[in-house]
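Let me begin by presenting the structure, written as structure tokens, before commenting on it.
Each reported figure results from applying straightforward, stated rules to the coordinates on display, with no laboratory input. Just so you know, these numbers come straight off a predicted model, no measurement behind them. Cβ: placed from backbone, ideal geometry, glycine included. Neighbour counts: every protein chain shown.
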């Protein structure tokens, strides 16, 4: 293996962006984040710092990337041409709003005025204006000119936190905001010369009703606005009189998370999404009989996870839940069809079967999932409720998925049936944090939070090796199964004799090692950790060969391609990087995660890289070809 002695200095403008092939994930925690496009063929939703436009017919995806942190809200213009997305950022910094052209998939404007968080946003019905609402640290309502991207007028949204904003359906000069114990109707008038304008509000008289308003929906004629509350009821407010009219008698468990309305000949229909996963159709008659309650519950359905998004086009709706599920639904019958699934918690590990690039397995809180890498569909879900799965390994013959859990157990499952094959109880005193399987498939090597490395054969412990003083974060086995290396958060990596169960060598560094990998010829090792460096080590004498400045934050994961030409890294800087192994420079980088990258793997055919993150997303990247490095 060749090794250049001099350090290669990377120039940022020379790093090629990685092409994103597909994503598996849906951030159901974003209020109204799932949007059904008026063309009836696409849905739009945020995932990390990326906005995904998905064709629901052929399952193809387009990605809008421009945010540098998690997307917190999205809105689509009534015509479907323009999309606005807002993000969160760090305290003291401005949070961007980006306006996109959906047809050309291009960025039109980047709007920077609010601080820390964009709480909500919406377009005026004619698409002329965009209203943006800052979060608790900002709490300002700003009206923007959509065409020029300039702010027209901004005002404080209230004395307490404001959670949501909506334009009237038929007026671009009127808006409604709702928040903590307040509902306000706004009148916007633009100056005759086009610069600036007036933005004044009327506070709705709610009387003794004290509610935290989470979502709003105006009826088609703009006569009333319906406000969903965290208390679980729906308030009906007259827009012309700015007065509270009534509240639903029904209480929706865990609060109302989203609303949408449509009209029939006799009533306004309200679709209510509740925090307990209930999707409810409510009718509010135009002329209810005296003494009868205004709002009548017609039918309901139970979805998996709290309903956070309801978006209607014609007679169809798309609904999203905080469990990461997408549903297609009939707006009248509420008959639902599951159209997409994803992890709703941090994804902790990812593994490909030996020699198979078509499938991969991921682990998270409460489950393991098997995915088709091409269609991005979930093929199998294995549930172990209320427990974190920290690590996974696949047997070389593909007959078992081995998993390590926070309760200290190792569980093996069948990859086709998902049935439990066996359990190693008390595998470690604390959580199982690392796993590897010998290339012969006969033994399992595990590492735990207790610092122990243990070797298992047919469920029986063969050896328990205790030299690490902190959690074991990674375990790798040589191709001949003679040696095992374990990395630990205590700053040590230990090479063990697999058969004699003794230490052969060790090296130490002032870092918390997060991962260790062998070069394919096994002459060198790569490590990464909290010191933000990638370090090359001689596998024989454990001496340092080279140190690369790998990231601006902790590096959590590494993988080397089978030819040893490239390696990939991912960490808390949220960036996936592809490196030239011998020269030590960054070939390409991919940005899309909004949380730290927990694990990363190169597919066996070397065509793709799969990265999984703490935001619950799985990203599939195109692996740059080795030839791309020849001209560097």
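Results, tabulated for the structure shown:
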{"quantity": "Computed over the chain, Kirkwood Rh from alpha-carbon pairs, angstrom", "calculated": "26.4"}
{"quantity": "Extension gain from residue 106 to residue 502, taking 0.36 nm per residue of separation minus the Cα-Cα distance", "calculated": "136.7 nm"}
{"quantity": "Rounded, prolate or oblate (a/c below 1.5 giving rounded, otherwise prolate when a/b exceeds b/c) for region 173-234 by Cα gyration tensor", "calculated": "prolate"}
{"quantity": "Tensor-based shape of region 414-456 (alpha-carbon gyration tensor, a/c under 1.5 rounded, otherwise prolate or oblate)", "calculated": "oblate"}
{"quantity": "Hull volume in cubic angstrom per residue (convex hull over the Cα atoms of region 383-501)", "calculated": "85"}
{"quantity": "Rounded if a/c under 1.5, otherwise prolate or oblate - region 276-391, Cα gyration tensor axes", "calculated": "prolate"}
{"quantity": "Cβ crowding within 10 Å averaged over residues, with 127-136, 183-192, 202-211 ranked highest first", "calculated": "127-136, 183-192, 202-211"}
{"quantity": "Peptide ranges 535-547, 341-353 listed from the most packed, as the mean C-beta count within 10 angstrom indicates", "calculated": "341-353, 535-547"}
{"quantity": "Centre separation in Å (Cα based) which lies between region 546-621 and region 527-543", "calculated": "16"}
{"quantity": "Extension gain from residue 79 to residue 345, taking 0.36 nm per residue of separation minus the Cα-Cα distance", "calculated": "92.4 nm"}
{"quantity": "Gain on full stretching of the segment that runs from residue 607 to residue 330 - 0.36 nm per residue minus C-alpha separation", "calculated": "95.7 nm"}
